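Read-outs: derived from the displayed coordinates by stated rules, not from any lab. Quantities reported herein were computed from a predicted structural model and do not represent experimental measurements. Heads up, the Cβs are rebuilt from the backbone with ideal geometry, glycines too, and the neighbour counts pull from every protein chain shown.
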Amino acid sequence: MNMIEKKGLPDQILKFISDNNLSQGEALPSERKLSEIFCASRNSIRESLRQLEAQNIVKIRPGSGCYVNTWGIEFFANPEPDLNQMALQNLEARLAIDPDIMQLALERINEKEISRLKGMLVRLSRAILSRDISAIIDEDNRIRITIACCTKNRVLALLVREMENSNYAVWSLLNRLPDEDLNRIFGTYVKVVNCIESKDSRLAKEEVRNQITMIFSFLRSLSVEDEFMGQEENFG
């Protein structure tokens, strides 16, 4: 499931559902009524509802109507968190699932996959040295998705792929760090891949946790720095 489009008619319909406290199983107004509410053509309403159905937000029942198909609609209707919140939420999710993904991956990984990871590590190093943010994000995503695919569990691989969208927030902030700190982060990737190569699952899980904890620490330091700079501007 891709991230819900946060603008245009689908977003307006989401807000309407949230504002009117419609819960799972309740019907939306008819297409004709929605077209009046949003001053839009029925074709536009129909297409927007199809987009929401593709994301399992609503369910269209031919001849019956359109119904809310999920709990917690407020979560989907709310605006995206800011960059810092998105980065921290990404890391919280990674801390919850990445160590266990690593455990399963090490049980099933083969030599060809290990070699592929080592090649990605080289490319990540080059990207960090050149501070090419797009390349850093691409290689980081490839490494994490490859490890997830090594579990041979399709659900886990898809779950990690869904987190790609928020990974840019993490690296957009980390890119502000000095070279020394970026090199320290890269060092954690080297340690993880070394643990994978030696098939040491206990140490690999520990290094994954250390990596995420280190990034958490750097993001918090950047947040404190921003707050301090804001205070200086206010008093300046």
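Here is how the numbers come out for the structure above:
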| quantity | calculated |
| --- | --- |
| Relative contact order, percent, the chain [alpha-carbon distance under 8 Å, six or more residues apart] | 20 percent |
| Förster-model FRET efficiency, 35 Å R0, Arg123 and Ser23, C-beta, rounded to 0.05 | 0.15 |
| Helix 133-149 vs. the chain, principal-axis angle (Cα, 0 to 90°, nearest 10) | 90 degrees |
| Nearest-ten-degree value, helix 179-197 long axis tilted from longest Cα axis of the chain | 90 degrees |
| Packing-based order for 203-213, 106-116, 140-150, using average beta carbon neighbours within 10 Å, highest first | 140-150, 203-213, 106-116 |
| Label selected from (1) 16.7, 48; (2) 18.8, 62; (3) 22.0, 65, the criterion being Rg and Dmax of the Cα atoms in Å as computed here | (3) |
| Placed amide H near Val58: partners under 5 Å, 5+ positions off or other chain | Glu53, Asn69 |
| In degrees, nearest ten, helix 111-130 long axis to first principal axis of the chain (Cα) | 90 degrees |
| Mean ellipticity per residue at 222 nm, deg cm²/dmol - from DSSP H runs of n ≥ 4 across the chain, formula -39500 (n - 2.57) | -24500 deg cm²/dmol |
